[in-house]
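Worksheet: one structure, shown below.
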Amino acid sequence: MSTDASNDAGALSGARRRPPITVKLAYGLGGAVQNGGFDTAIGFAFFFYTAVLGLSASLVGLALAIGLLFDALVDPFIGSWSDNLKTRLGRRLPPMLIATPLVAVFMGLLFSPPPGLQGFALFSWLTCMAIAARGAMSLFNVPFLTLGAELETDYSARTGLVMYRVITGLGVTVMITAVGYSFYFAEGGLLKAESYPGFGWSVAAFLFTSMTLCCLGIYRFAAALPQPAQSPAPMWKRLPEGVVEIFRNRSFRFLFVAAVLFYGSLGVNASLNSHSFLFVWRMRSETIQFVTYAFLLGTLLGGVSAPVFQRRLEKKHIVLIGFGLLIANWLVLQGLKLAGLYVPLGDDAILPMQINSFTAGLGVGFISVVYPSMMADAADEHEMLFHQRREGLYFAGLGLANNAGRSIGVMIAGFALDLISFPRTVSAEDVTVIPETVQSQLVLIWGPLPSLVAILSMVVFSSYAITRARHREISLALGRHA
């Protein structure tokens with residue numbers, strides 16, 4: 001082991017691990033993978049394959065859902081593997097290194113279908129690329145998220161560490177959004193098919209750079225983290241036992257079910273953003289980015305302020321506030337539109353949509369920063385209850401909830417578009433002639449429907465019971481400083 005690694009190991013010998021600021025910054029770069037680049041790009045992909053390439057929205061939703069479900073299925077395997085991997089680079093970093101080039105390649109190919117593909121052939125291409133891209137992303141993301149629980153063991157400091165990756169994800173989202181709308185879609189808008197391959201490979205370059213810098217910045221510290229003895233049991237036996245064990249923890253069950261419902265609501269809404277902005281609110285493609293920036297600003301403020309609020313509030317209460325803000329975003333303007341009371345169109349819709357999206361961003365910022373920190377707390381509780389560290393499976397469970405929920409959401413969005421007979425392909429001239437009844441149905445699916453699912457998620461989540469005092473008891477029981 002190098003001298004630096006030895007020093008890092010010494011830093012970790014205490015009960016509270018405190019990574020230096022350089023490690024936190026490097027770790028934060030990994031937030032570009034899913035929250036920054038991947039989820040941002042997938043929203044463009046849904047619109048590309050439906051409104052531009054003319055593939056049935058049901059098939060697009062099904063293809064993206066298959067990719068998400070595959071991702072959900074492999075997450076526990078990746079988590080269990082990284083829990084028991086023992087190398088000179090530690091147990092989390094090797095999968096991240098393998099995934100880095102794969103994520104970039106498959107992201108680029110997702111937006112570059114061979115010319116002339118139609119119908120089932122295009123569906124097959126989208127399905128294969130969605131599976132490959134999602135699988136590669138999980139190979140990076142599950143160990144990456146798990147690493148956060150190991151870098152910080154303090155109840156409050158964990159929330160601060162999550163903030164680093166949320167802020168980085170927002171930065172990458174801004175870059176991808178700006179490059180997309182200001183360069184690739186500046187002429188011809190979102191309906192220009194020729195713009196999408198270049199956009200996809202630009203996203204791939206962003207992701208590759210961020211993942212590489214993340215791995216380089218954390219490798220010494222990650223290599224010095226404690227590594228448990230490898231389990232003698234084979235994966236096929238070890239994994240089912242581990243999965244059953246984590247679901248025995250009441251805290252994990254509430255977090256998991258609430259997350260599935262929450263991400264399901266996000267999946268429906270996010271999939272239909274571009275359709276709603278263009279075809280209901282009649283916004284120009286180049287102005288949509290300003291709504292996105294308002295959302296990102298809100299997310300940034302929510303993420304930065306979450307650790308501050310946590311000094312006075314429990315993590316659970318901050319997440320519930322986040323839910324409330326997000327639900328308001330899905331009901332206010334949509335409700336006014338459906339009631340015929342306020343329907344701003346074109347450039348007049350920019351400011352109202354910015355205010356609405358800023359409110360949603362605050363809520364998402366609170367949830368994005370605090371929720372993973374709560375999952376790490378639940379993993380600590382698991383160690384106290386069952387005398388096993390299962391961080392990998394816990395964060396694989398969070399990833400599974402994310403992907404399972406989003407897969408259901410994107411599939412619902414796709415089938416709903418076909419159900420309301422939304423046009424397969426739409427030219428720039430057709431934007432203003434979408435029937436009013438179809439517009440109203442689209443608004444219902446885009447806003448009120450996700451809000452109902454989110455309310456159900458809040459009800460489930462409200463039963464989570466790890467408080468600051470409870471975590472102090474857990475830490476003392478594990479022999480850590482309170």
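The values are calculated or read from the model by the stated rules, or taken from the named source; none is laboratory data. Everything numeric here is computed off the predicted structure, so don't read it as measured data. A quick note on method: Cβ atoms are made from the backbone with ideal geometry, for glycine too, and the neighbour counts reach across all protein chains shown.
Structure above, values below:
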quantity	calculated
Residues (surrounded by fewer than 21 Cβ atoms within 10 Å (Cβ to Cβ), farther than 25 Å from Phe358 by Cβ and not polar (S, T, N, Q)) located in the stretch 152-180	Asp154, Ala157
Among (1) over 19 Å from Leu266 (Cα atoms); (2) in a helix (DSSP H, G or I), the one test that Gly303 misses	(1)
Tally, over the stretch 436-456, of residues that are more than 17 Å from Ala360 (Cα to Cα), touching a residue at least 60 places away in the same chain (Cβ under 8 Å) and surrounded by fewer than 18 Cβ atoms within 10 Å (Cβ to Cβ)	3
Test result for Arg312, surrounded by fewer than 22 Cβ atoms within 10 Å (Cβ to Cβ), within 19 Å of Ile466 (Cβ to Cβ) and out of contact with any Phe, Trp or Tyr (no Cβ under 9 Å at 6 or more places or on another chain)	yes
Checklist (1) at pLDDT 90 or above; (2) out of contact with any Phe, Trp or Tyr (no Cβ under 9 Å at 6 or more places or on another chain) applied to Ala157, failing item	(1)
Every residue from the stretch 274-293 that is under 30 Å from Gly160 (Cα atoms) and surrounded by fewer than 21 Cβ atoms within 10 Å (Cβ to Cβ)	Gln289, Phe290, Tyr293
Any hit, the stretch 322-334, residues being free of Cβ contacts under 8 Å to residues at least 12 places away in the same chain and over 19 Å from the mean Cα position of the chain (by Cα)	no
Any hit, the stretch 167-181, residues being not charged (D, E, K, R) and not in a helix (DSSP H, G or I)	no
Test result for Met107, crowded, with 22+ Cβ neighbours inside 10 Å and under 27 Å from Phe185 (Cβ atoms)	yes
